[in-house]
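Peer 1: My questions will all concern the structure given below.
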Amino acid sequence: MDAQGQERFREFVENRSSALLKTAVLLSGGDRHAAEDLLQNALIKAAGRWQRIDEPEAYVRRILYRQQVSRWRLKWRRRELTVAEPPEGTGGGDAASAAELRIVMRGALARLTPRQRTVLVLRYFEDLPEGDVARILGCSVGTVRSTTHRSLARLRALAPELAALGLADAEQNPSRDFSPVEVRP
């Protein structure tokens, strides 16, 4: 990589690493250390092909998704349940409820299988259409739909505390952001 390419790569990492890390944390079920490893490996792979990449962020995100898929396809994956750390300080009521929502959601996602978690992150946190999710995961659109439906049902069963926060019944309330119904023109 030449000096100009190195500078562009440094700028990309500096500007986009926090957003990419948030996605990696969600994909890894709230395990920040695993997310950092996931992102670091993705950036290493991207650095090797940096000169040939047209859209760097899309390329790195695709690497993140595929690495996560590879992790849950491995037969020897860990069976640990990761737990989110509580926030360091509490602010006002809105900040506290937002922190509580993040903790509850992260914990609920951690209790899903890696495949279910990946589908929900791609569909609702990354806001990708079903066709894009299917292409990224290498499956059919029907598989994405059925996995999404089962994942939301399992999320409701595993985390009934989401009902108190207004997120448990996404299928019956399509106006919420966390809804399986795609309303696009």
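Peer 1: Scan region 147-175 and report the pairs whose first residue is more than 22 Å from residue 129 (Cβ to Cβ) and open to solvent by 30 Å² or more (accessible area, probe 1.4 Å) and whose second residue is assigned to a loop (DSSP other than H, G, I, E, B) and modelled with pLDDT of 80 or more, with Cβ atoms within less than 6 Å and a gap of 6+ or a chain change.
Peer 2: 158/111
Peer 1: Residue 93: open to solvent by 20 Å² or more (accessible area, probe 1.4 Å) and modelled with pLDDT of 90 or more, yes or no?
Peer 2: On the way: open to solvent by 20 Å² or more (accessible area, probe 1.4 Å): yes; modelled with pLDDT of 90 or more: no.
It is false that residue 93 is open to solvent by 20 Å² or more (accessible area, probe 1.4 Å) and modelled with pLDDT of 90 or more.
Peer 1: How many of the residues in region 27-70 are part of a loop (DSSP other than H, G, I, E, B) and surrounded by 15 or more Cβ atoms within 10 Å (Cβ to Cβ)? Quick ask: steps written out before the conclusion?
Peer 2: To start, the set of residues in region 27-70 that are part of a loop (DSSP other than H, G, I, E, B) comprises 28-31, 49, 53-55.
Filter once more, keeping what is surrounded by 15 or more Cβ atoms within 10 Å (Cβ to Cβ): 28-31, 53.
Summing the residues that are part of a loop (DSSP other than H, G, I, E, B) and surrounded by 15 or more Cβ atoms within 10 Å (Cβ to Cβ) in region 27-70 gives 5.
Peer 1: Which condition does residue 105 not pass, out of (1) part of a helix (DSSP H, G or I); (2) closer than 26 Å to residue 156 by Cβ; (3) open to solvent by less than 50 Å² (accessible area, probe 1.4 Å); (4) at pLDDT 85 or above, if it passes all the others?
Peer 2: Checking residue 105 against (1) part of a helix (DSSP H, G or I); (2) closer than 26 Å to residue 156 by Cβ; (3) open to solvent by less than 50 Å² (accessible area, probe 1.4 Å); (4) at pLDDT 85 or above, the one that fails is (4).
Peer 1: In region 132-146, how many are polar (S, T, N, Q) and open to solvent by 50 Å² or more (accessible area, probe 1.4 Å)?
Peer 2: The total comes to 1.
Peer 1: Could you tell me which numbered condition residue 115 fails, if it satisfies all but one of (1) over 16 Å from residue 24 (Cβ atoms); (2) open to solvent by less than 50 Å² (accessible area, probe 1.4 Å); (3) assigned to a helix (DSSP H, G or I)?
Peer 2: (2)
Peer 1: Mind telling me which of the residues 123, 154 ends up being of a type outside the set (Val, Ile, Thr), under 25 Å from residue 20 (Cβ atoms), modelled with pLDDT of 75 or more and outside any loop (DSSP other than H, G, I, E, B)?
Peer 2: Checking each option against the conditions leaves just 123.
The values are calculated or read from the model by the stated rules, or taken from the named source; none is laboratory data. Model, not experiment: these values are computed from the prediction. With ideal geometry, Cβ positions are generated from the backbone for all residues, glycine too; neighbour counts draw on all protein chains shown. Just so you know, the surface numbers come from the protein's heavy atoms only, side chains and all, with ligands and any DNA or RNA stripped out. Shrake-Rupley method; radii C 1.70, N 1.55, O 1.52, S 1.80 Å.
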